[in-house]
Amino acid sequence: MNALLKYLFFLFSIGLAFNCAGQSIDSIGGAIQNIPSKYYSKVQKKYSAIDNNLSKKSIKYLEKLQKQEDRINRKLSSVDSLSARVNEAVAKKYESFIQEFKQKKDKLGKVNLNEYNSYIDTLSTSLSFLKKLGSDGKAALPLEKLDELKDKFNQAAKVNEFITERKDQIQQLLSKYTKLPGSLTRQFDKMRKTAYYYKTQANEFKSMLKDPKKIEETAVKVLNKIPAFQKFMKENSQLASLFGLPENYGTPASLAGLQTRASVQNLIQQRIASGGPNAMAQVRQNLSEAQGQLSKLKDKLNKLGGGSGDLDMPDFKPNTQKTKPFLKRLEYGANVQFSKNNQWVPSAANVALTLGYKINDKSSAGIGVSYSVGLGTIQHIEITSQGIGLRSYLDWKIKKSFYASGGYEMNYNSAIKNIEELKNESAWQRSALLGISKKYKITKKVIGNLQMLYDFLAYKHRPVSQPFLFRVGYNLK
């Protein structure tokens, strides 16, 4: 009964506040009906998946860091047995963090991130709005899962603070000694790398949360068209709790006394005019150069810390692939290679599909399958099946967009009549390839790929095949 009264009071307050704007309670309910029915289950599944992965990774990194610190203490005992005493408080702190990620907490209520995130704030406030409006109870569980996830992010932030403190303390301890075993300094370097990758991993999970699916974008667009939701955001978002917004926020009255865009533009034009006839061109050039420098700086910051303002600048070249999920390290590709007879017209096309895995920022390895299609002659064009092939490859970045490429392939160069034929190993033609690849950007997610390869086994084939192979392909990032 109390819940029903609260719900009716909420609807009454919305109607009282927004009827003057021409929006009725029925229209709010009608607009919310436009939110896809699968929205609630989709976002709940997404939040749960990120939560589970963040917990698993956090436990893994904490256990690794604890072992690395134990090794540092053991190695330090050979230098100074007194300084190498195991700190029980530190060991308990590690265990405490691990248990917090393992255990599921009771209902947390509303949780705010220690570090403000506008997109997560919008998600949380929108679910709170839908929950209060009713939504048949569908918004309650996703909101609970999102609060649990935000709590995990806060825990990860505390872990990062603790790790930073431990690094500083160990570094201060080691700085007292002029001569340290190489194995000890290497172990400390490993600990610093692990600490860096944990912070990057947490940022990666945050970026996954900020990467909205189409269904989330649809829901937010629907809600943003509702004045009641806009008012709810101003009063209940995390941003509103950080900065008290005036009651007339968003109205012309709130802008009184502020400079308008027109007045600022007029002032700028007056200053530029006083600089002479070439002043505008100089300003544009300076702005263009500044924008280019800012873009470079932004890319560098994103690579180092995922866009976070709290960066731990590494003294090594990090592998940005290390903290990415498995699926984001996969690359999909396709390429085609033409072969010809004694005429200048291609007589066959070998089309391949590949699946690769990014080992690090410089190298990737993968497998593929190919299908050979006969094209006939210029006098008689005929499409025929010429066989299949299996491939493996490895690409290693040499410089800029040039890669050293190698691979091992097996090709069955005959029309397949039955599966039993494929079991005959002698019917498969082997190739050992090595060459150069040139990769170039086509779009944000599509990369072109030109390859010139040499087959070291070409002259062992009967009949002898082309030793040099030229392939054109595309990769999807």
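Summary table below
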{"quantity": "Under 20 Å from the Cα of LYS234 - lysines, other chains or at least 8 residues apart", "calculated": "LYS110, LYS131, LYS132, LYS221, LYS225"}
{"quantity": "Built amide H within the under 5 Å cut-off of THR354, gap 5+", "calculated": "GLY333, ALA334"}
{"quantity": "Contact order normalised by residue count of segment 321-434, Cα under 8 Å, 6+ apart, percent", "calculated": "17 percent"}
{"quantity": "Proximal lysines relative to LYS138, as straight alpha-carbon distance under 16 Å, when same-chain residues fewer than 8 apart are discounted", "calculated": "LYS38, LYS42, LYS45, LYS46"}
{"quantity": "9 Å beta-carbon shell around ILE215, net charge (K/R +1, D/E -1)", "calculated": "+2"}
{"quantity": "Proximal lysines to LYS460, defined as alpha-carbon separation beneath 26 angstrom and excluding residues fewer than eight positions away on the same chain", "calculated": "LYS340, LYS417, LYS423"}
{"quantity": "Note, ³J(HN,Hα) from phi for segment 225-235, Karplus 6.51, -1.76, 1.60, rounded to Hz, x at Gly and Pro", "calculated": "8, 9, x, 4, 5, 4, 5, 4, 4, 5, 9"}
{"quantity": "Derived scalar couplings ³J(HN,Hα) [segment 470-477; Karplus, 6.51 cos²θ - 1.76 cosθ + 1.60; whole Hz; x for Gly, Pro]", "calculated": "10, 10, 10, x, 9, 10, 9, 6"}
{"quantity": "Sorted peptide list for 462-475, 349-362, criterion being average Cβ within 10 angstrom, highest first", "calculated": "349-362, 462-475"}
{"quantity": "Other-chain or far-sequence residues with amide H under 5 Å of ASN413's (modelled H)", "calculated": "GLN429"}
{"quantity": "Whole-Hz ³J(HN,Hα) from phi, Karplus 6.51 cos²θ - 1.76 cosθ + 1.60, for segment 314-321, glycine and proline x", "calculated": "x, 9, 9, 8, x, 8, 5, 7"}
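Readers should treat all values here as calculations from the given coordinates under stated rules, not as data from a laboratory. A quick note: this is a predicted structure, and the numbers were derived from the prediction, not measured. Cβ sites come from the backbone with ideal geometry, for glycine too, and all protein chains shown count toward neighbours.
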